[in-house]
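Asker: This is the structure, below, for whatever I ask next.
The values are calculated or read from the model by the stated rules, or taken from the named source; none is laboratory data. In this text the structure is predicted, and so the values were computed from the model without any measurement. Don't worry about glycine lacking a Cβ; one is built from the backbone with ideal geometry, like all the others, and counts go over all protein chains shown. Keep in mind that these areas ignore ligands, DNA and RNA; they rest on the heavy atoms of the full protein, side chains included. Shrake-Rupley method; radii C 1.70, N 1.55, O 1.52, S 1.80 Å.
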Amino acid sequence: MSLQTPNGEPLTLIIDFDSTFTRVEALDELARIALAEHPDQQAIVARIQALTDRGMAGELPVDKSLRQRLQLLQAHRHHLQPLIELLHRQVTASVQRNRDFFRTHHKDIYIVSNGFAEFIAPVVAPYGLAASHVLANRFTFDEKGSITGLDTTLPLSRAGGKAQAVSELGLAAEKWVIGDGYTDYQIKEAGQARQFIAFTENIARPKVLAVADWQAHNFDEIIEKIKK
Ligand SMILES: [Mg+2]
C-alpha cells in the first residue's frame, strides 16, 4: 500500500534519526560509552553535546560539527554494538507504537541523517526499513578498529548534504521532511521537499519551529494527516 498526501498524491516521508526516530543524539551516547573509563568523561561529553546543539541549531556547519565531535570521541568498532543495543531501547515512543505503520509503508519511507549507517541501519531494520533506505554517513577506521573519522566522499558528510542525498534518490513523489533540526529544514529550503514538519516529541528548537510548515508533537499526528 502506497502512502498518499491528503490530496491523493504519492507521498514519500524523509525522516531524521537523532532526536526524531530515536529520543537521543547517537554520537552523544557513543561518547558516553567510549569514554566510560576516561577521567575527563563528563567534560568531553559536554563538549560533544555543545557541538551537537550548535550543529542542530544551524550555528555550525555539519561537516565541522561532525569532524570535531569524532575527534573528541576516541571511539572503537567494539563500542558500536553497545550503542546499537542502547538505541533499540531509545526509539521514540510514538515510533515504537506505530511500528506497524512503518512496516506497512517501508517502501515510501527513508531515513536521512548526518549520523552513521553503522548504527542506524540495525536500529531501523525491525521497523521494516532496508539498508538501502538509510541515507547516512560512514565511519572510517584504522587497522586496529579505532574510528578515525568519516568517509568524506559521501554527500551527508558535507553542509547541504541532506538535500543532495534526497535529490540523488530521484523520487517523483511529493516529499515531507520530518525532523528536529535545522539541517532537516534545509532539505525543503533547497527545494527537495514540499513540507518541513518540526518533530517535537523529544526536543523543540525555537529556530527550527520558526521555519516549519507545521509542528508534530508525535508520529500519531503525522499519520493522522496522511490518512485524512
Ligand atoms: Mg535530529
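Asker: Which value at 222 nm does the chain reach when only helices count, each DSSP H run of 4 or more adding -39,500 (n - 2.57), with the total divided by all residues and rounded to the nearest 500 deg cm²/dmol?
Answerer: Details: 11 runs with 96 residues, N = 228.
The helix contribution divided over the chain gives -11500 deg cm²/dmol.
Asker: Got a sec to turn the phi values of segment 186-196 into Karplus ³J(HN,Hα) couplings, 6.51 cos²θ - 1.76 cosθ + 1.60 with θ = phi - 60°, whole Hz, x for Gly and Pro?
Answerer: Coupling constants for segment 186-196: 5, 5, 5, 4, 7, x, 9, 8, 7, 10, 10 Hz.
Asker: Just list whichever of K64/K144; K162/K188; K188/K225; K175/K225; K107/K227; K64/K107 have alpha carbons separated by over 21 Å in the model shown.
Answerer: Working: K64/K144 25 Å; K162/K188 10 Å; K188/K225 19 Å; K175/K225 14 Å; K107/K227 17 Å; K64/K107 33 Å.
Violating the 21 Å limit, Cα to Cα: K64/K144; K64/K107.
Asker: Picking from A193, I109, G8, whose Cα lies most toward the positive end of the charge dipole for the chain (charges on Cβ: Lys, Arg +1; Asp, Glu -1)?
Answerer: Toward the positive end, the furthest listed residue is G8.
Asker: Where Lys and Arg each count +1 and Asp and Glu each count -1, what net charge lies around H78 among other residues with Cβ under 14 Å from its Cβ?
Answerer: Numbers: positive: R77, K144; negative: E37, E85, E118, D142.
So the surrounding residues net to -2.
Asker: So how strong a dipole does segment 76-124 carry about its Cα centre when Lys and Arg Cβ are +1 and Asp and Glu Cβ are -1, to the nearest 20 debye? Kindly include the intermediate steps, with their values, before the conclusion.
Answerer: Details: 6 positive and 4 negative charges, 21 e Å.
So the magnitude is around 100 debye.
Asker: In whole Hz, with x marking every Gly and Pro, tabulate ³J(HN,Hα) for segment 107-115 from phi via Karplus 6.51 cos²θ - 1.76 cosθ + 1.60, θ = phi - 60°.
Answerer: 5, 10, 10, 10, 9, 10, 9, 7, x
Asker: With a point put 7 Å past each Cα toward its Cβ, work out how far L209 is from E85 in nm, to one decimal.
Answerer: Between L209 and E85, the label points sit 3.8 nm apart.
Asker: Round to a whole angstrom and tell me the spacing of the C-alpha centers of segment 143-172 and segment 1-34.
Answerer: Value for the Cα centre distance between the two parts: 16 Å.
Asker: Taking springs between alpha-carbon atoms closer than 10 angstrom, which of D63, D180, D142 fluctuates most in the Gaussian network model of the chain?
Answerer: In the Gaussian network model the winner is D142.
Asker: What's the carbon and sulfur percent of segment 76-116's accessible surface, probe 1.4 angstrom, rounded to a whole number? Don't skip to the end; give the middle numbers.
Answerer: Details: 860 of 1920 Å².
Reported share for carbon and sulfur atoms: 44 percent.
Asker: For the chain, which span is the longest to avoid every loop-located (per DSSP) member of GluC sites (Glu not before Pro) having at most 14 other Cβ atoms inside 10 Å?
Answerer: Numbers: sites that count: E37, E59, E143.
After excluding every exposed loop site, the longest remaining stretch is 144-228.
Asker: Note down the magnitude of the dipole of the chain about its Cα centre, charges +1 on Lys and Arg C-beta and -1 on Asp and Glu C-beta and zero elsewhere, to the nearest 20 debye. Write down the numbers at each step before the final one.
Answerer: Details: 25 positive and 28 negative charges, 31 e Å.
I would put it at about 140 debye.
Asker: Segment 38-98: which trypsin sites (Lys or Arg not before Pro) are DSSP loop and have at most 14 other beta-carbon atoms within 10 angstrom? Walk me through the numbers on the way to the answer.
Answerer: Values: sites: R47, R54, K64, R67, R69, R77, R89, R97; in loops: none.
Listed in order of number, the matching sites amount to none.
Asker: Got the relative contact order for the chain handy, in percent, Cα pairs under 8 Å and 6 or more residues apart? The partial results should precede the final answer.
Answerer: On the way: 411 pairs, mean separation 58.0, N = 228.
The normalised contact order for the chain reaches 25 percent.
Asker: Here is a follow-up. Roughly how big is segment 102-226's charge dipole about its Cα centre, with Cβ charges of +1 (Lys, Arg) and -1 (Asp, Glu), in debye to the nearest 20? Please report the intermediate quantities before stating the final value.
Answerer: Values: 12 positive and 15 negative charges, 34 e Å.
Its charge dipole is roughly 160 debye.
Asker: In the Gaussian network model of the chain, springs joining C-alpha atoms below 10 Å, which of K144, K107, K207 carries the largest mean-square fluctuation?
Answerer: K144
Asker: Work from the charge dipole of the chain (Cβ charges, +1 for Lys and Arg, -1 for Asp and Glu, about the Cα centre) and give the residue of F219, Q90, F141 farthest towards its positive end.
Answerer: Going by the Cα projections, it comes out as F219.
Asker: Show me the chymotrypsin sites (Phe, Trp or Tyr not before Pro) within segment 173-228 that DSSP assigns to loop and that have at most 14 other Cβ atoms within 10 Å of their Cβ.
Answerer: Working: sites: W176, Y182, Y185, F196, F199, W214, F219; in loops: none.
Of the chymotrypsin sites (Phe, Trp or Tyr not before Pro), not one in the loops of segment 173-228 has a Cβ with at most 14 other Cβ atoms within 10 Å.
Asker: For the chain, what is the accessible area per residue in Å², given a 1.4 Å probe and the full set of protein chains?
Answerer: On the way: 10260 Å² over 228 residues.
Averaged over the residues of the chain, the accessible area is 45 Å².
Asker: How many percent of DSSP beta bridges within the chain run antiparallel, rounded to 5?
Answerer: Rounded to the nearest five, the antiparallel share is 25 percent.
Asker: Taking the Cα centre of segment 1-136 as the origin and placing charges on Cβ (Lys, Arg +1; Asp, Glu -1), which of A36, T20, M56 is farthest toward the positive end of the dipole?
Answerer: Among A36, T20, M56, the one farthest towards the positive end of the dipole of segment 1-136 is A36.
Asker: Continuing with the same structure: Between N7 and D151, how many nm apart are label points set 7 Å from Cα along the C-beta direction?
Answerer: 3.7 nm
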